[in-house]
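The next block holds one structure in the form of structure tokens; read it before the comments.
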């Protein structure tokens, strides 16, 4: 895996949200789980102790999330939404599907900010891969996960 593959593109706002979530997990949530574990231990036999098993499961989930956030933040590059002449993280692209009369709009974002409801797609998504580095007027082929291909023309880039 190259450094480019490991890089996480984040908006300033998303970066701040992740820092806040990490702090909350490391201070508040870890303390709550430690208290839950202590209480569960006080109940006795740990082999059939549902409270203990639940607290251990919660602990594993929180530690995994902490590791994930720390990894994202360690590889983060703060980006701003901006205008450009080529498709890159932070730009909005307008695509016309072959045979269609209506343009589709997508915003290229980092993988931590993907939101299909608002058409925010990652550079690592099929559309992101197809448009990366392309310009207005270029024709692209998007390979979908099911193996099919869709053809678009880039109508505009902001």
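Each reported figure results from applying straightforward, stated rules to the coordinates on display, with no laboratory input. Just so it is clear, the structure is predicted and the values come from calculations on it, not from any experiment. Note: ideal-geometry Cβ built from the backbone for every residue, glycine included; neighbour counts use all protein chains shown.
When residue 21 is tested against (1) on the phi > 0 side of the Ramachandran plot; (2) surrounded by fewer than 16 Cβ atoms within 10 Å (Cβ to Cβ), exactly one condition is not met: (1). Given the conditions (1) surrounded by 11 or more Cβ atoms within 10 Å (Cβ to Cβ); (2) under 22 Å from residue 120 (Cα atoms); (3) in contact with a helix residue (DSSP H, G or I) (Cβ under 8 Å, 6 or more places away or on another chain), which single one is not true for residue 80? Checking residue 80 against (1) surrounded by 11 or more Cβ atoms within 10 Å (Cβ to Cβ); (2) under 22 Å from residue 120 (Cα atoms); (3) in contact with a helix residue (DSSP H, G or I) (Cβ under 8 Å, 6 or more places away or on another chain), the one that fails is (1). Restricting attention to the stretch 9-40, the residues that are closer than 27 Å to residue 109 by Cβ and without any contact (Cβ under 8 Å) to a residue 12 or more places away in the chain total 6. Looking at the stretch 68-77, can you tell me whether even one residue there is within 17 Å of residue 157 (Cα to Cα), in contact with a strand residue (DSSP E or B) (Cβ under 6 Å, 6 or more places away or on another chain) and crowded, with 16+ Cβ neighbours inside 10 Å? Within the stretch 68-77, none of the residues are within 17 Å of residue 157 (Cα to Cα), in contact with a strand residue (DSSP E or B) (Cβ under 6 Å, 6 or more places away or on another chain) and crowded, with 16+ Cβ neighbours inside 10 Å. The residue that is nearest to the chain's Cα centre (by Cα), counting only those in the stretch 125-158 that are assigned to a loop (DSSP other than H, G, I, E, B) and either in contact (Cβ under 8 Å) with a residue 60 or more places away in the chain or surrounded by 14 or more Cβ atoms within 10 Å (Cβ to Cβ) (or both), is 125. Just one of the listed residues (54, 120, 102) is touching a helix residue (DSSP H, G or I) at 6+ places or on another chain (Cβ under 9 Å), without any contact (Cβ under 8 Å) to a residue 24 or more places away in the chain and farther than 21 Å from residue 9 by Cα, namely 54.
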